[in-house]
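Visitor: The structure is given below, and queries will be raised subsequently.
The values are calculated or read from the model by the stated rules, or taken from the named source; none is laboratory data. Predicted model only: the values in this text are computed from it and were never measured. Note that each Cβ is placed from the backbone with ideal geometry, even for glycine, and that neighbours are counted across all protein chains shown.
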Amino acid sequence: MAGETAILRCALYYADKLSWCVIPIPHGRKEARIRWRKYQWTRPDRDQVRKWFASDDANVAVVLGPVSEGLACRDFDVSESYVAWAKAHPELAKLLPTVKTARGYHLYFLASIEGIRKFADGELRGSRCYCMLPPSVHPDGPKYEWIIRPIAENLIVVDPELAGFVPNRGLVTEKPEQWGAPRKRCQLK
């Protein structure tokens with residue numbers, strides 16, 4: 001559509017086509033531009049998304065978990081770890097939506113994961129967390145880029161342990177921000 005920014009087109013694709021809950025992030029930051037607590041359970045409506053992303057000075061992030069159809073992310077902060085994982089799991093590496101980040105890779109899939117599980121080479125992120133999405137710009141300068149774009153057919157349910165996302169050592173568990181008990185059903189505002 002004429003007058004739409006690139007970031008708005010992407011945010012609308014994520015929200016409309018993938019049913020993901022998107023929120024704005026300021027350029028040069030990773031912290032949300034808004035109070036995002038309610039968006040852990042309720043997606044913003046299309047008008048709100050249009051307001052947030054009307055100008056190109058915003059980055060876009062996805063809120064993980066039930067509000068985004070059960071979306072989860074394996075964040076490989078060490079590129080070598082991603083390369084080793086992809087070599088060990090070539091079918092998943094060719095299928096799962098994958099983003100090149102400033103330091104490594106994000107892989108997106110569907111799973112019931114609560115909070116953040118930290119590893120020596122990155123994190124496993126689930127409900128009540130968010131991740132930056134392309135075409136956002138990382139605070140260090142590089143742009144997030146899709147290597148494998150998300151479509152309905154490659155957003156599949158994955159067991160993180162069977163998929164090799166959970167290393168045998170280096171596990172640290174961190175609780176997510178506690179905002180109260182999650183609701184069973186997410187609603188579109």
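Visitor: Give the residues of segment 77-96 that are of a type in the set (A, V, I, L, M, F, W, C) and in a helix (DSSP H, G or I), sorted by residue number.
Guide: Within segment 77-96, VAL83, ALA84, TRP85, ALA86, ALA88, LEU92, ALA93, LEU95 qualify.
Visitor: If we scan segment 56-71, do we find a residue that is farther than 17 Å from GLY115 by Cα and in contact (Cβ under 8 Å) with a residue 60 or more places away in the chain?
Guide: yes
Visitor: Step by step: first the residues of segment 47-76, then only those that are in a loop (DSSP other than H, G, I, E, B) and surrounded by fewer than 18 Cβ atoms within 10 Å (Cβ to Cβ), then the one that is nearest to the chain's Cα centre (by Cα). Which residue is that?
Guide: Our first condition is that a residue be in a loop (DSSP other than H, G, I, E, B); within segment 47-76, this holds for 53-57, 64, 69-70.
Cutting the leftovers down to surrounded by fewer than 18 Cβ atoms within 10 Å (Cβ to Cβ) gives us 54-57, 69.
Details: ALA54: 21, SER55: 21, ASP56: 20, ASP57: 19, GLU69: 12 Å.
By that ranking, first place goes to GLU69.
Visitor: What number of residues in segment 21-46 are in contact with a helix residue (DSSP H, G or I) (Cβ under 8 Å, 6 or more places away or on another chain), assigned to a loop (DSSP other than H, G, I, E, B) and among the hydrophobic types (A, V, I, L, M, F, W, C)?
Guide: Count: 2.
Visitor: From the list ARG9, ARG74, ARG35, which residue is on the phi < 0 side of the Ramachandran plot and touching a residue at least 12 places away in the same chain (Cβ under 8 Å)?
Guide: Result: ARG74 is the single residue among ARG9, ARG74, ARG35 that is on the phi < 0 side of the Ramachandran plot and touching a residue at least 12 places away in the same chain (Cβ under 8 Å).
The rows are residues; the columns are (1) modelled with pLDDT under 95; (2) touching an Asp or Glu at 6+ places or on another chain (Cβ under 6 Å); (3) small (Gly, Ala, Ser); (4) surrounded by 12 or more Cβ atoms within 10 Å (Cβ to Cβ).
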position: TYR130; (1), (2), (3), (4): no, no, no, yes
position: LEU133; (1), (2), (3), (4): no, no, no, yes
position: VAL137; (1), (2), (3), (4): yes, no, no, yes
position: PRO142; (1), (2), (3), (4): yes, no, no, yes
position: ILE151; (1), (2), (3), (4): no, no, no, no
position: ILE156; (1), (2), (3), (4): no, no, no, yes
position: VAL166; (1), (2), (3), (4): yes, no, no, yes
position: LEU171; (1), (2), (3), (4): yes, no, no, yes
position: GLN187; (1), (2), (3), (4): yes, no, no, no
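Visitor: Does PRO44 qualify as being under 14 Å from the mean Cα position of the chain (by Cα) and crowded, with 18+ Cβ neighbours inside 10 Å?
Guide: No, not satisfied.
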